[in-house]
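Worksheet: the structure to be examined is printed underneath.
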């Protein structure tokens, strides 16, 4: 079970509260986690990564286990703690403000 | 008695304002999609409870929302939650992909950029949604970078009408200060095949075969700020408008100049007349008087506020050239708001109502064709669009 923490606006769009929990076939990677997330919540297609290129949107970053995973290859295995559900996979929006 | 529903898109959400035919007391619903930029929302003429909204964000991209109950509830069509992991199909409602297939004409990959070089076409957002006059499930979308899309399944899937970008002048289109946007779509009620659109900064274009083929319709426009002031394309058209009873007559607010065509855009003549400045964004036509038109003069393209700090709508009852200032109920000192191109609309009650929204968050209404005005709301986020539905 993978736990995903979405930005507030995407939780609203997906009609969820709190963490999202998904079953993902091992090995869990950024790509497989996002594929599973979009399959479960199709309204999120295009909001995290581009529809066509599948590139991460510029104002979003991926974090887990206190590490910035944004620039890791999409097919690289995620940390064991994320794959086991012990730690969540964070999708973070750039902070706007003064 | 009829009712009126005013649909307001703002920088931080959508608002639905409703009133009875007197248009004195208003109910304000919203914000819907709080925190998101709502470029435009509009109802279907064929089913007034079917609304479409363009919801955008620099963070999360483009979302299309749809309501089937007049804006009480919304859904992202094609984005319904799947009952179980692995269920199919995935939604596609937010997917706007430029058509570069050989079957639909010359694949077009670049346009002119600010510095004059060629730049790849990149989808950014939907500026305008225009529902079909007859089918609630058919809706057109004008997007940035400029292109026209159509959905025939209630906004679940979108296909580009690629003949517009592919007709030949596309490499000469260039962005205006607000981006290279297709912002106006006019559907001719007397001719189902005729569509007029406008792009900043390319100009106006017309299709007579339901969007398959297109041609520029900019003869008579003169723009001193481009290398060839009378070029076939490159003009910064801010908005065009027509009256449904006389669709061959088209009015235009260009960057500078208010223009009129009596031949569906084949040729244009200036009708700025005695306006204090002919720069502005919106232009609208009275619901029952095809020669009564409205503009909001703005001081200049760099200042973007009303002359002398006075917010004045100008009305012509002669189809242009002769204009009168409408000021009763509007601020006449220290007012420095802007009124954007999609932020003016009319209702179709017997005494035509006129509405507009400002960058300062006010939505003003007139129930007497512009003679007197009052704010419906004063403190919304900056208003990007205003549409009006007249309901039975």
Check: Within the stretch B:354-392, what residues put their amide N at less than 20 Å from the label point 7 Å along the Cα-to-Cβ vector of residue B:25?
Finding: B:365-368, B:374-378, B:391-392
Next item on the list: Between residue B:117 and residue A:63, with labels modelled 7 Å along Cα→Cβ, what's the label distance in nm to one decimal, could you check?
Entry: 3.5 nm
Note to self: Working only with C-alpha atoms, what are the Rg and Dmax values of chain B, expressed in angstrom?
What the structure shows: 19.9, 65
Notebook entry, point to check: Does the protein assembly as shown come out rounded, prolate or oblate by the C-alpha gyration tensor, with a ≥ b ≥ c the root eigenvalues, rounded set by a/c under 1.5 and, if not, prolate when a/b is larger than b/c and oblate if not?
Noted result: prolate
Note to self: Nearest 5 percent is fine: what portion of the DSSP beta bridges confined to the protein assembly as shown is antiparallel?
What the structure shows: 95 percent
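Using a 10 Å cut-off around each Cβ of peptide A:29-42, what is the average number of partner chain Cβ atoms that fall inside? Don't skip to the end; give the middle numbers.
Numbers: counts 0, 0, 0, 0, 0, 0, 2, 2, 1, 4, 9, 8, 6, 14.
Partner Cβ neighbours, averaged per residue: 3.
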Check: Can you pull the mean other chain C-beta count within 10 Å for peptide B:58-69?
Finding: 4
Check: What FRET efficiency would be calculated for the residue pair residue A:72, residue B:109, taking the C-beta separation as r and a Förster radius of 25 Å, to the nearest 0.05?
Finding: 0.25
Check: So, in nm, how far is label residue B:124 from label residue B:310 when the simple model puts each one 7 Å beyond its Cα toward the Cβ?
Finding: 3.5 nm
Checklist line | Projected label distance in nm at residue A:21 and residue B:269, using a 7 Å step from Cα toward the beta-carbon | finding: 7.4 nm
Check: When the C-alpha atoms of the stretch A:2-93 are aligned to their principal axes, what extent does each axis show, in angstrom, from largest down?
Finding: 29, 28, 23
Next item on the list: Rank by packing, highest mean first: peptides A:48-58, B:226-236, with packing defined as the count of other Cβ atoms within 10 Å averaged across residues.
Entry: B:226-236, A:48-58
Next item on the list: Take every residue in peptide A:44-50, count the Cβ atoms of other chains within 10 Å of its Cβ, and give the average of those counts.
Entry: 6
Notebook entry, point to check: residue B:246 label point, 7 Å along Cα→Cβ, cut-off 14 Å on backbone N: hits in the stretch B:339-380?
Noted result: none
Check: Hey, with R₀ at 45 Å, roughly what FRET efficiency would residue B:225 and residue B:374 work out to, going by the Cβ-Cβ distance, to 0.05?
Finding: 0.75
Next item on the list: Determine the shape class of the stretch B:245-356: with a ≥ b ≥ c the square roots of the Cα gyration tensor eigenvalues, call it rounded for a/c under 1.5, and otherwise prolate if a/b is greater than b/c, oblate otherwise.
Entry: oblate
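No lab work stands behind these numbers, since they all come straight from the coordinates. On a predicted model such as this, the values are computed, not experimentally measured, just so you know. We place every Cβ from the backbone using ideal geometry, glycine too, and count neighbours over all the protein chains shown.
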